[in-house]
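Below is one structure, written out as structure tokens; comments come after it.
The values are calculated or read from the model by the stated rules, or taken from the named source; none is laboratory data. The structure displayed is predicted, hence computed values, not measured ones. Here the Cβ positions follow ideal geometry from the backbone for every residue, glycine too, while neighbour counts run over all protein chains shown. Areas reflect the complete protein model, heavy atoms only, side chains present, ligands, DNA and RNA absent. Shrake-Rupley method; radii C 1.70, N 1.55, O 1.52, S 1.80 Å.
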Amino acid sequence: MAGPVSPLNAHLGYWLRFVSNHVSHAFRRKVEAEGVTVAEWVVLRELFDHDAAAPSELAARLGMTRGAISKLADRLEAKGLAARTADPHDRRWQSLALSERGRALVPVLAALADRNDAEFFAALAPDDRATIERAMREIVRRLGLRAVPLE
């Protein structure tokens, strides 16, 4: 016979997922109101710090497949937020860079991310927030987690 069955809310993972789902959903609504998905925001933000990047570099940095990056690049190009450039000496090599419109949008989206964080976590004492962040970073480090959360 099996022992007692623990309730859902007895698990830390339950509470992490509970909060994460609400934080992610609120942020998704905010960025979608600006015409982009969370995954597109992640790529836009990564490109913001670089003049241009090869899709393979983006895939490695973000823990995504090259196919996923290619689909996101297609969508960002279609929206006028990024552009691909082919190397004149090697037509197989491409780079992706933000357009002027994409570069102007990133600070707007970053402000939404900041506001979303504040809405959910401003009530925490700074020490509590630092403790939670330190614990999450330690889990990421210990488990070698790499893929950037996209939802």
Next on the checklist: If I ask for residues that are farther than 17 Å from SER95 by Cβ, out of contact with any helix residue (DSSP H, G or I) (no Cβ under 8 Å at 6 or more places or on another chain) and modelled with pLDDT of 90 or more, which ones from the range 37-70 would you list?
Outcome noted: GLY67
Checklist entry - Which members of the range 1-44 meet the condition of being open to solvent by 70 Å² or more (accessible area, probe 1.4 Å), not in a helix (DSSP H, G or I) and not aliphatic (A, V, I, L, M)? => result PRO4, PRO7, HIS11, GLU34
Item to check | Among the candidates ALA147, ALA130, residue that is hydrophobic (A, V, I, L, M, F, W, C) and under 24 Å from GLU40 (Cβ atoms) | outcome: ALA147
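I'd like the full set of residues that are outside any helix (DSSP H, G or I) and either of a type in the set (Val, Ile, Thr) or open to solvent by 20 Å² or more (accessible area, probe 1.4 Å) (or both), limited to the range 45-58.
Pass one, the range 45-58, residues outside any helix (DSSP H, G or I): 49-54.
Matches in the range 45-58: ASP49, HIS50, ASP51, ALA52.
In the range 81-98, how many residues are open to solvent by 30 Å² or more (accessible area, probe 1.4 Å) and not β-branched (Val, Ile, Thr)? Let's see the steps before the verdict.
Let us first name the residues in the range 81-98 that are open to solvent by 30 Å² or more (accessible area, probe 1.4 Å), namely 83-94.
Then drop every residue that is not not β-branched (Val, Ile, Thr), which leaves 83-84, 86-94.
Selection size over the range 81-98: 11.
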Checklist outcome for this item: If you go through VAL23, VAL106, VAL43, VAL19, the only one that is within 26 Å of ARG146 (Cβ to Cβ), touching a strand residue (DSSP E or B) at 6+ places or on another chain (Cβ under 8 Å) and in contact (Cβ under 8 Å) with a residue 60 or more places away in the chain is VAL106
Checklist entry - Taking the range 93-151 only, how many residues are outside any helix (DSSP H, G or I), within 20 Å of the chain's Cα centre (by Cα) and closer than 23 Å to VAL31 by Cβ? => result 11
